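A short worksheet on the structure shown next.
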Amino acid sequence: MTAAHEPPRTPGESRTPRKLLGAALIASSIEWYDFFIYATAAALVFGTLFFPDASPLVGVLLSFATFWAGFIARPIGGLFFGHLGDKIGRKPAVVTCLILMGSATFLIGVLPGAGTIGVAAPILLVTLRFLQGIAVGGQWGGIVLLLTENSARGKRGMAGTFGQMGVPFGVIFGNVAFLGVGALMSQEAFLSWGWRLPFLFSAVLAPVVLYIQLKIEDTPVFQELQEKQEKEVVKAPLVEVLRDHKRSVLLGAGLLFATNTFFYIGISGLLDYGTRELGLPRQQLLGVTLLTSLVGIFVIFFSGTWSDRLGRRPMILIGAGMLALWSFPFFWLIDTASIWMIALAGCVGSVGQSMTYGPLAAYLSELFHPRVRYSGASLAYQLAAILVSGGTPFIMTALLAATGTSAAVSVFLLAMSLCTFAAAYFLRETHTKQPTPTTPTPAEA
């Protein structure tokens, strides 16, 4: 079984540079903002704009299907940029991903609807969403490696949270953007052109990209690999990961099943269900998502920091167990159609899924040798995206339509929670491993 072999850190390397923590948090937040505003627009606008001839239900299903396209693309981005990041460096891969994401998001904001250019509109929408998926699939591994590989072993869980917290921050920024736009104009104006503004705001990513390119150095771990290039930088890191690290990739993906399922139901599936089935105002549901994301920020930081003391596995096991127990009460409260009960359901769910998510940046990176780490961690993370994340709003809507009850969705949530619990149970702990020189490791048992 492969250990996370790395060189000992010198005293001067014991603290992650603050400029890196700040840049990573901002870049990750904007990147996820770009990715998540699509989910909100898919629930509220895209059905009628890009599939005007479909019924409301079919339009939402088709819209969520385009949402899924981004997740299908994420493993491709993880594989390509993981290979690139293990070959030429973490930073070049991250910068390229950020540029690709900003460009694709901005172009969605200016894309004409089906009423203007016909069938070309949904085709271009899916294409741009696919490019978003490739970008976010590659950036996650690079961001978390820039953070964790620049940190001392006892601080990696905490440092990694500055990449993980970009997720709730991205949701908050996206919701604030949609809430602000919705408050400043009529419903007709919002559906006509106002929804485009949050996509155009992605242009603010440009100066962050420039700062990372000019001011942030690549990680000392990769720099050491470059110095020993003839031995340590693998010619085909992806091939080695698929050959020698299949168990870590599959179980690593399982770590994300519970947190991703609850998360995407909260930010997208619930928005559609609450407005279309429960008759609740869009603004109130966006406010609930805002609240649960605020809770998530604090819990992610707490969970990642405490994983440096207690271990990665205990935090994930606690979070997954909590989500398993909450699977049915979650929808019992939502089905009351009380916004306060929905907020309670979302906040408790956010605690559980954030408890699971916080340590994952450090945990997934520590499961792989540095020379294949970008490829291995990215593949595990993005495999969960295609297996669970992107399909969750679609599956939720389809289950509700087929059964007429939210109990079917609760069973789905329970199954995903148990998968995460099992994955954490069968994986080894990594945070207590002692650092050793960067030498090639044998294949996993």
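Listed conditions (1) touching a Ser or Thr at 6+ places or on another chain (Cβ under 6 Å); (2) modelled with pLDDT of 90 or more; (3) closer than 20 Å to ASN175 by Cβ are all met by PHE262, apart from (1). Considering ILE265, ILE342, the condition of being under 21 Å from ALA39 (Cα atoms), crowded, with 22+ Cβ neighbours inside 10 Å, of a type in the set (Val, Ile, Thr) and over 18 Å from the mean Cα position of the chain (by Cα) is satisfied by ILE342 alone. Identify, please: which residue in region 27-65 is modelled with pLDDT of 75 or more, within 25 Å of the chain's Cα centre (by Cα) and polar (S, T, N, Q) and is, among those, surrounded by the most Cβ atoms within 10 Å (Cβ to Cβ)? Looking at residues that are modelled with pLDDT of 75 or more, within 25 Å of the chain's Cα centre (by Cα) and polar (S, T, N, Q), I get SER28.
Counting only helices (runs of 4 or more DSSP H) that fall entirely inside region 339-404 and contain at least 1 residues that are under 20 Å from ALA42 (Cα atoms), the qualifying elements are 392-403. Out of all the residues in region 239-254, is one or more at pLDDT below 75 and not basic (Lys, Arg)? Yes - at least one qualifying residue is present in region 239-254.
One line per residue, one yes/no per condition, for (1) within 18 Å of LEU255 (Cα to Cα); (2) at pLDDT 95 or above; (3) crowded, with 20+ Cβ neighbours inside 10 Å:
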| position | (1), (2), (3) |
| --- | --- |
| ALA320 | yes, yes, yes |
| ASP335 | no, no, no |
| GLY346 | no, no, yes |
| SER365 | yes, no, yes |
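In summary, VAL388 fulfils each of the numbered conditions (1) out of contact with any Gly (no Cβ under 8 Å at 6 or more places or on another chain); (2) modelled with pLDDT of 90 or more with the single exception of condition (2). Just so you know, in region 383-398 the residues that are closer than 21 Å to ALA361 by Cβ and out of contact with any Ser or Thr (no Cβ under 7 Å at 6 or more places or on another chain) include one that is surrounded by the fewest Cβ atoms within 10 Å (Cβ to Cβ), and it is LEU387. Scanning region 66-106 for residues that are of a type outside the set (A, V, I, L, M, F, W, C), within 15 Å of the chain's Cα centre (by Cα) and farther than 15 Å from PHE46 by Cβ yields a count of 4. Could you list, in sequence order, all residues of region 44-60 that are touching a residue at least 60 places away in the same chain (Cβ under 8 Å), more than 14 Å from ARG196 (Cα to Cα) and either part of a helix (DSSP H, G or I) or among the aromatic types (Phe, Trp, Tyr) (or both)? Scanning region 44-60 gives THR48, PHE51, PRO56, LEU57, VAL60. Looking only at region 71-87, filter to residues that are crowded, with 24+ Cβ neighbours inside 10 Å and modelled with pLDDT under 80; which one of those is farthest from SER268 (Cα to Cα)? The residue in question is ASP86. Of all residues in region 145-171, those being aliphatic (A, V, I, L, M), crowded, with 24+ Cβ neighbours inside 10 Å and in a loop (DSSP other than H, G, I, E, B) number 1. Every condition in (1) within 12 Å of ARG156 (Cβ to Cβ); (2) touching a Pro at 6+ places or on another chain (Cβ under 9 Å); (3) not aromatic (Phe, Trp, Tyr) holds for SER354 except the one numbered (1).
Would you call PHE426 aromatic (Phe, Trp, Tyr), within 25 Å of LEU325 (Cβ to Cβ), at pLDDT 85 or above and surrounded by 15 or more Cβ atoms within 10 Å (Cβ to Cβ)? No.
For region 100-133, a tally of residues being outside any loop (DSSP other than H, G, I, E, B), in contact with a helix residue (DSSP H, G or I) (Cβ under 6 Å, 6 or more places away or on another chain) and in contact (Cβ under 8 Å) with a residue 24 or more places away in the chain returns 19. Just one of the listed residues (GLY109, GLY113) is of a type in the set (Gly, Ala, Ser), closer than 24 Å to GLY170 by Cα and over 21 Å from the mean Cα position of the chain (by Cα), namely GLY109.
Taken over region 397-414, the criterion of being of a type in the set (Val, Ile, Thr) and either more than 16 Å from THR336 (Cβ to Cβ) or without any contact (Cβ under 8 Å) to a residue 60 or more places away in the chain (or both) is satisfied by THR397, THR403, THR405, VAL411. Flag: VAL136 does not match the condition of being surrounded by fewer than 23 Cβ atoms within 10 Å (Cβ to Cβ), in contact with a helix residue (DSSP H, G or I) (Cβ under 7 Å, 6 or more places away or on another chain), in contact (Cβ under 8 Å) with a residue 40 or more places away in the chain and in a helix (DSSP H, G or I). Against the test of being surrounded by 24 or more Cβ atoms within 10 Å (Cβ to Cβ) and of a type in the set (Gly, Ala, Ser), the options ALA401, ALA408, ALA380 yield a single qualifying residue, ALA380. So which of SER307, SER248, SER327 ends up being closer than 18 Å to ALA407 by Cβ, surrounded by 22 or more Cβ atoms within 10 Å (Cβ to Cβ) and hydroxyl-bearing (Ser, Thr, Tyr)? Step by step, each of SER307, SER248, SER327 is checked, and only SER327 is closer than 18 Å to ALA407 by Cβ, surrounded by 22 or more Cβ atoms within 10 Å (Cβ to Cβ) and hydroxyl-bearing (Ser, Thr, Tyr). Looking across region 1-25 at every residue that is in a helix (DSSP H, G or I) and within 21 Å of TYR374 (Cβ to Cβ), the one that is modelled with the lowest pLDDT is identified as GLU13.
The values are calculated or read from the model by the stated rules, or taken from the named source; none is laboratory data. This one's a predicted model, so the numbers in the text were calculated from it and none came from an experiment. Cβ coordinates were reconstructed from backbone atoms using ideal geometry, including for glycine residues, and neighbour counts include every protein chain displayed.
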